[in-house]
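Enquirer: Here it is, the structure, as structure tokens.
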């Protein structure tokens with residue numbers, strides 16, 4: 001999938017009418033169980049942020065379409081978990097991903113709805129949280145509310161680096177102070193992400209014992 005990134009970029013840049021739908025589809029697929037592990041979403045969002053900075057994509061359009069795709073993908077995964085159940089999934093689709101599934105279960109048990117927000121910034125474990133919420137019969141309205149509220153924050157956090165890099169490329173070359181400010185901002189975001197992972201991420205040994 002990584003090799004398709006240049007083609008995706010060109011498609012979005014040259015077909016503004018389809019850009020929103022393409023971003024919607026990619027963020028939806030990224031939120032789905034297993035399929036999401038194959039989507040280079042970080043690269044896609046960095047590219048989209050750069051296109052926003054260049055004026056090829058409207059910022060509100062990018063945020064709305066990407067957020068809608070993420071929420072729709074989470075909802076589909078939630079319904080899958082609710083409809084199929086833990087036993088059938090753990091011996092089928094999830095059989096080869098027991099460690100990630102165990103981490104998602106522990107995170108969900110420990111933090112409930114908060115896990116939905118935290119998992120958005122935790123890489124491979126993210127697609128597993130909605131399906132675990134469905135398996136555990138979490139309240140649909142609470143799940144959807146948490147998903148809808150956190151999706152735009154997740155989208156903006158991924159669009160911002162590409163946007164800032166493209167927008168301030170010339171400024172970085174001519175103004176060292178601006179470069180230092182951006183570097184400081186990136187460091188703060190990285191520290192915040194790491195702190196969130198340490199706070200909400202389950203211990204590997206304990207996760208393994210919870211695998212089903």
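Enquirer: Kindly put 65, 18, 154 in sequence by how many other C-beta atoms sit within 10 Å of each C-beta, fewest to most.
Expert: Numbers: 65 24, 18 12, 154 21.
Taking fewest neighbouring Cβ atoms as first place, the list is 18, 154, 65.
Enquirer: Output the peptides 47-60, 20-33, 135-148 sorted from most to least packed, where packing is the average of other Cβ atoms within 10 Å over each peptide's residues.
Expert: Values: 47-60: 18.7, 20-33: 21.2, 135-148: 16.1.
In decreasing order of mean packing, 47-60, 20-33, 135-148 become 20-33, 47-60, 135-148.
Enquirer: Sticking with this structure for a sec: Got a sec? How would 41, 131 order by Cβ neighbour count within 10 Å, fewest to most?
Expert: Numbers: 41 21, 131 28.
The most exposed by this proxy come first: 41, 131.
Enquirer: Just grab the label-to-label distance for residue 113 and residue 79, each label 7 Å out from Cα along the Cβ direction, in nm (one decimal).
Expert: In this crude label model, residue 113 to residue 79 measures out at 2.2 nm.
Values quoted throughout were computed directly from the atomic coordinates according to the rules given, and no laboratory measurement underlies them. Small disclaimer: the values here were computed from a predicted structure and weren't measured. Cβ: placed from backbone, ideal geometry, glycine included. Neighbour counts: every protein chain shown.
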